[in-house]
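The values are calculated or read from the model by the stated rules, or taken from the named source; none is laboratory data. Values in this document were obtained by computation on a predicted structure and should not be read as measured data. As a convention, Cβ positions derive from the backbone with ideal geometry for all residues, glycine included, and neighbour counts pool all protein chains shown. Side chains are part of the model used for accessible areas, which takes the heavy atoms of the whole protein and leaves out ligands, DNA and RNA. Shrake-Rupley method; radii C 1.70, N 1.55, O 1.52, S 1.80 Å.
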There are 2 protein chains.
Amino acid sequence: METVGTAVDALPRPGLRERKKQRTRNALVRAALELIATRGYEGTTVDDIAAAADVSQRTFFRYFASKEEVAFFVSRLAEAHVLEAVRERPPGEAPLEVLRRAVLDSWDGINEAVERLVPLELHLRVYRMIESTPALLAAHLRRAAELEKELARLVAEREGLDVDGDPRPRILVAAFGGVIRVAERRWSTGGDVSVAAMRELLTTCLDHVGPALAENWRTNGSPVRRTET
Amino acid sequence: METVGTAVDALPRPGLRERKKQRTRNALVRAALELIATRGYEGTTVDDIAAAADVSQRTFFRYFASKEEVAFFVSRLAEAHVLEAVRERPPGEAPLEVLRRAVLDSWDGINEAVERLVPLELHLRVYRMIESTPALLAAHLRRAAELEKELARLVAEREGLDVDGDPRPRILVAAFGGVIRVAERRWSTGGDVSVAAMRELLTTCLDHVGPALAENWRTNGSPVRRTET
DNA sequence: TGGCAAGTGTCAGTGGCTGTCATTAGCCTC
DNA sequence: GAGGCTAATGACAGCCACTGACACTTGCCA
C-alpha cells in the first residue's frame, strides 16, 4: 500500500478500493461529529456511529483506534497545517514571531480544508463538546502537549539550542500554547463564531504574550491595550 | 496531623468505622501503586488491585471513581499543598514570585505528607508510568490544566484583574506550568531522584521563566548549557 | 439490646475495544 | 474474462472498566 491515511500525490488514480475507503472514512467522521454534536460524547455509542455510517462496529475500529480519535479528526487536520507553516518560516525570524505568523498565516487554509470535510459550524459544536467533556478535554490537552513538544523541538532547532538542555524553547511554547487555548476557549464560548472573529481573537491574544510576563501589571494602563514591552 | 485523606477537624475522634475506611483506602492506594509501578497501568486490572487489597471490585469503585483516580492520589495531595501555599502568600508580592515561592516553600511539606502514605521511591516509579502511559499522561495534563485554571484565578484576584477579561494571568500561569512540567520530566528521567535534586531542578528552571520570553536568545550568554547538535 | 444506616459483596448488564475466522469484493495476471 | 490473490468487512466471542440493584454484614447510638 502506498499512501496510508492522508492524500499525498494524487497522480496515480485512487482506484475504486481506495475511493471506497475514503468514502467510508468520511461517512464515519461526518456521522460521528453529527451525533456527538447533538447527543454528546458519552451519549453516542460507537455502535450508533457505525450504524449511521452503515458499517459494523468492528469496521469503525479499523478506521479509528478509539472513539476519541474520530472526535479529533478535524483538530488533527489543523495541527498538521500549523506544523507545516512553522517549518516553512524563514530562518532568522524571532521564535515568537515564527509561531504567531505560522498560526495566523495558515488560518485561512485550515478553515478551507475543514470546510471541505464538514461544515465549520458542526466543528464548532463538536469543539464545545470537547471543552465540556472531561474525557475529551483530557485527550485534547494531551494532543496539545504533543504538538507543543514538536513546536519546542522546531524552535530549538531554529535557534541552535538543545531542546533538552535549555528550558527556554519549552517555556516559550508553553506560554504560546496557553494563549492559543485562551483564544480557542473564547471563540467557542463567545457569540461571534465566524472565522474572522477567531482570527481577531488570536491576533489580540498573541499580542499579549510578551507583556504578560512583565511584572507590575497594576501600574500598567489598560489591561488589554498595552503597547511595547 | 494524623488525618491524611480529607483534611478537616479531627477533634472528634475518627471512630472505628472511619478508621476502617481509612485503612481500606490506604490499602487500595498502596496495592494500586505497587501493582501499577511493577506491571504497568494497562497491565494492572482493577480486579488485581481489589484482590491485593482484599476487597471486591465494586468496593474499589466506591472509593475511587476510576482506575485513573487511584493513580493520581499522590499528585492530588501535592496539588492541594501548593494551592494552599499560594493562598497564603502575602499580598503585593509579584505574581511569578508568588508561584515560585509557593512551590518551593511547600516542597518539603509535600514530600513529608507523601512519605507518610507511600515510599517516595514508589511514587517516582508511578510517576514514570504516568509519563509513559498515554491514558495517564492525558489525565495528568487535564489535572494540570485544572490546577492552572485555579492558579490563574488566584493570581488575577491578587492583582485585581478579571481573569476572563485579561489574558495575562492565564499566560503567566501557562508559562509557569510549562516550567513545572519540564522540571518534573527531568526529575523523573534523571539519575538523581532525591528530594533535594528536585528542589534544585525546580529552582533552576524557575529562574528561566523571565528570560525565556525575551527574544534573541542567541546573543545571550546561555543560562543553562550551550550545546551544539 | 435492638433498630438504623453505612459499608460491602454478588450479580447482571452496558459500552469500549480486540482477536479470530469466514466471506466478500477490488485488483491483477494470464 | 476467468481465476487467484489479498485487502476490506462482518459476525462472533471475549476482556475489562464501570454502574445499578439488592441482599447482607457491621459499626453506631438511643
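Structure notes:
- In chain A, the longest principal axis of the Cα atoms and the axis of helix A:15-39 are about 70 degrees apart.
- Among the protein heavy atoms of the protein assembly as shown, carbon and sulfur supply 52% of the accessible surface, probe 1.4 Å, non-protein parts ignored.
- Restricting segment A:63-157 to GluC sites (Glu not before Pro) that sit in a DSSP loop and have at most 15 other Cβ atoms within 10 Å of their own Cβ leaves A:Glu88, A:Glu93.
- With the simple model of a label 7 Å out from the Cα in the direction of the Cβ, B:Arg17 to A:Thr189 spans 4.0 nm.
- The helix-based estimate of mean residue ellipticity at 222 nm for chain B, built from -39,500 (n - 2.57) per DSSP H run of four or more residues and divided by its residue count, is -22500 deg cm²/dmol to the nearest 500.
- Percentage relative contact order, segment B:17-104, counting C-alpha pairs under 8 Å, at least six apart: 23
- Principal axis analysis of the Cα atoms in segment A:97-146 yields extents of 31, 27, 13 Å, listed in decreasing size.
- Rounded tilt (10° steps) of A:195-206 against the dominant C-alpha axis of chain A: 40
- Other protein chain Cβ atoms within 10 Å, averaged over every residue that makes up B:144-151: 2
- Extents of the protein assembly as shown, taken as max minus min of Cα coordinates on every principal axis and listed largest first, are 73, 57, 46 Å.
- When B:Tyr63, A:Tyr127 are compared by accessible area of protein heavy atoms, the largest-first order is B:Tyr63, A:Tyr127, using a 1.4 Å probe.
- Helix A:120-132 vs. chain A, principal-axis angle (Cα, 0 to 90°, nearest 10): 70
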